[in-house]
Amino acid sequence: MAICDLRRMWTAVSLVSLLVAAPAHAISKPSVIGHSPVAVMPFKLDAGRILVEATFGTADGGKRRALAWFNMGMQAPIVSKSLYRELGVDHGAPLRLRIGDLTLEAASDAVVDGDGGLGAPSFAQSFGHLPVEAMLPASLFLAHRLTLDYKARLLTVEGADGKPPTGFAVPIDVNEATGLASIKARIDGQDYAFVIDAGSGYSWMRGSILAHWLVDHPEWRRAEGAMGTANYNMLDLDFEKRGTIARVPNLSIGALELKNVAFFGSGPILGGYIDGMVGDFFWDNWQKSAPGPVVGWLGPNVLKEFALTIDYPNHASYWRSNGVPDAHDLDSVGVTLVRRGERYFVGGLVKTSAQPPADGAAVGDELLAVDDITVRDATKDVVLSALHGRAGQIRRLTLARDGATLQVELPALDLH
């Protein structure tokens, strides 16, 4: 095997570990200090992912504020190496998180020391210069009801023994060890299990399942290659560059009917030959943290249309409509981006059946600017927002290729 293939294999293994993020020790269930009053935490979004200003308790009884990523698709808290030591977790102090009058606690052996490397996501790769220092999983909230309101940008935590909230009530399955919750969605007359994942940037699923759907419904296909917020990982792998975007016309969650829901179906991690030997490597490993076999996760493109309550103790969810789904959320210039350090590169040219590819751009080009927005060291949210536009709207891309700088004007593709 060539050196480049070995590097790609290691990257693929790291990708699986990144999204599974299993700690070295068994996860201890978090405890709650005091009562369980209503607690509210404002959040902001970066490429669809939830970021909160969290207050942590230090070992000497003080307070330390830090920007944290709330990720329902991972099982263990992760803190940067410096914060890990500042909080005293390295000396056995528990991780304490303060939200209003509520304190959540996780044992030190349930906390991952440091972002990046095997078994933990790199905050720098995910968020650029944003000072994200921690990742908070759903396992911290297993004793509570958790409400996500994307419209109001609020995360609310409360006890689970009060009156049930309003909205469409749908049962969920919960992995009590990891906090991952899944729900059944009916598509084309069949039920499929999806993890509810506010930590992702978009709804993703097994490419093999999506390919099966497209045999019977080729009209669901929209594009080949990740683009827009479906391109939030930006890793240099076929997993993202050769995936498929499709829109499902009807999806049912209990009595709730959703229209025109988009999914990104993953491509092969290393190519057809190697994937044929190892199977659906990523998904088979990631779903080990789920309550059971799943075909993917429901991300912000679905969740943001609701005020969604997850009642972990009672294994129930409540869905309250917050608006009309945006069928043009993925409309943008048709390039799949790869992030390397502070820089962005064209990793692939998105293909659709009716629209031309990004003529003038080439795989390997460095993206320097979109219109007048310089993208080096910009967050993924800034870059993806700059590329987004109404179908047909022109974006001017400044690219670097072979030591020269060039500009191309490209239209936003229509993926409704």
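Nothing in this text is a laboratory measurement; each read-out follows from the coordinates by a stated rule. In this text the structure is predicted, and so the values were computed from the model without any measurement. With ideal geometry, Cβ positions are generated from the backbone for all residues, glycine too; neighbour counts draw on all protein chains shown.
Between E409 and E176, the modelled label-to-label distance comes to 6.3 nm, taking each label 7 Å out from Cα in the direction of the beta carbon. Computed extension length for A152-H129: 5.7 nm, one decimal, from 0.36 nm per residue of separation with the Cα-Cα distance subtracted. Counting Lys and Arg as +1 and Asp and Glu as -1 over every other residue whose Cβ lies under 11 Å from the Cβ of K63, the net charge comes to +3.
Residues in region 294-301 carry Karplus couplings, in order, of 9, 9, x, 9, 8, x, x, 4 Hz; the curve used is 6.51 cos²θ - 1.76 cosθ + 1.60 with θ = phi - 60°, and Gly or Pro positions show x. Looking at the square roots a ≥ b ≥ c of the eigenvalues of the Cα gyration tensor of the chain, which shape do they give, rounded for a/c under 1.5, prolate if a/b is larger than b/c, or oblate? Verdict is prolate for the chain. Overall form of region 54-97: prolate. Here a/c, set by the Cα gyration tensor axes a ≥ b ≥ c, is 1.5 or more, and a/b is the larger of a/b and b/c. The ellipsoid equivalent to the alpha-carbon distribution of region 154-321 has semi-axes of 28, 18, 14 angstrom, derived from the gyration tensor eigenvalues as √(5λ) and listed largest first. In terms of packing, defined here as the mean over residues of other Cβ atoms within 10 angstrom, the peptides 169-180, 198-209, 52-63 line up highest first as 198-209, 169-180, 52-63.
The label-point distance for V38 and A211, in a model that sets each label 7 Å from Cα toward Cβ, rounds to 4.9 nm. Taking every full run of DSSP H in the chain, the ones that stretch at least 18 Å from end to end by Cα along their long axis and average 0.5 or higher on the Kyte-Doolittle scale are 3-20.
Annotation: amide H-H contacts under 5 Å for L337 (H modelled 1.01 Å from N, sequence separation of 5 or more, or interchain): G347. Counting every other Cβ atom within 10 Å of each residue's Cβ, R343, R98 order from fewest to most as R343, R98.
FRET efficiency for the pair V363 and K288, taken as 1/(1 + (r/R0)^6) with r the Cβ-Cβ distance and R0 = 30 Å, rounds to 0.35.
Amide H contacts for L180 (H built 1.01 Å from N in the peptide plane; partners 5 or more residues away or on another chain; cut-off under 5 Å): N175. Taking amide H positions as modeled 1.01 Å from N, with prolines and chain starts lacking one, the residues under 5 Å from D371 and 5 or more places away or on another chain are R396, L397, T398. Take the Cβ atoms of T103 and L45, set R0 to 35 Å, and the FRET efficiency comes out at 0.85.
The relative contact order of region 154-321 comes to 34 percent, based on Cα pairs under 8 Å that sit 6 or more residues apart. In sequence order, region 350-357 has phi-based couplings of 5, 10, 10, 6, 10, 10, x, x Hz under the Karplus curve 6.51 cos²θ - 1.76 cosθ + 1.60, θ = phi - 60°, and Gly or Pro positions carry x. Helical runs (DSSP H, four residues minimum) scored at -39500 (n - 2.57) apiece and divided by the length of the chain put the mean residue ellipticity at 222 nm at -4500 deg cm²/dmol. Sorting H144, H91, H388 by the number of Cβ atoms found within 10 Å of their own Cβ, with the fewest placed first, yields H91, H388, H144. Using the Karplus relation 6.51 cos²θ - 1.76 cosθ + 1.60 with θ = phi - 60°, the per-residue 3J(HN,Hα) values for region 221-238 come to 5, 10, 6, 10, x, 6, 8, x, 5, 5, 9, 7, 6, 6, 9, 7, 9, 4 Hz, with x marking Gly and Pro. Fully extending the segment from R343 to A391, taken as 0.36 nm per residue of separation minus the present Cα-Cα distance, adds 14.6 nm.
Using R0 = 30 Å, the C-beta based FRET efficiency linking D377 and R65 works out to 0.80.
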